[in-house]
1. Only one residue in D186, D193 is more than 15 Å from L100 (Cβ to Cβ) and touching a Gly at 6+ places or on another chain (Cβ under 9 Å). Which one?
2. Show the residue pairs that are 6+ apart or on different chains and have beta-carbon atoms under 6 Å apart, the first residue being within region 164-193 and assigned by TED's automatic domain parsing to the domain that holds E143 and of a type in the set (D, E, K, R), the second being modelled with pLDDT under 95 and surrounded by 15 or more Cβ atoms within 10 Å (Cβ to Cβ).
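The values are calculated or read from the model by the stated rules, or taken from the named source; none is laboratory data. Model, not experiment: these values are computed from the prediction. As a convention, Cβ positions derive from the backbone with ideal geometry for all residues, glycine included, and neighbour counts pool all protein chains shown.
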Amino acid sequence: MLKLYYATGTCALATYMTLEEAGADYSAERLSFKDNQQNSPDYLAINPKGRVPALVTDRGVLTETPAMLAYIAQTFPKAKLAPLDDPFDFAQVQSFNSYLCSTVHINHAHKMRGARWATEESSFADMKAKVPQTMGACFKLIEEKMFRGPWVMGDQFTICDPYLYTLSTWLEGDSVDINATPKIADHFKRMSDRPAVRKVMAAQKA
């Protein structure tokens, strides 16, 4: 059985939903950031980075969302969560998810994680003030140049979709109007109606 360590409001939601979409046999353990559980000795023994998500497999621990999503797609091929038979198409899936991880997520993190990049309080405020602009620009680029529709990669639902949905849940808090990107707004609504998404979102509120 796979075991996912997650925290609410984080990118771990993407892996959680993908496990459910794949029909995987898994368990999920919630960590409390409020109680700093991500830095507890027990969790650091699992993921020395002190971050979520972490996915425990029978071969070891995986971290970093794009890696975990690709692993799930490859481990459960019958779920058809990625174009595994086409190296170029699969690379495009990886490219999209890497952009979410390396650019969009980092822009969002400037709102409350400024201490990772600076020490002056004035720098924190400046980074936070920039978030609506940078996040808005990212989603505008996705809307206009990267999103194929009706799902991220076209007709096939893939591991890109839970990941985009997860980061879309952050937009309101980042003072970005999702309706400024109509295709992504529609994607968000359709994702919200999926049984796997409903189940995971309910579990996170429990």
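1. Criteria check complete, one pass: D186.
2. none
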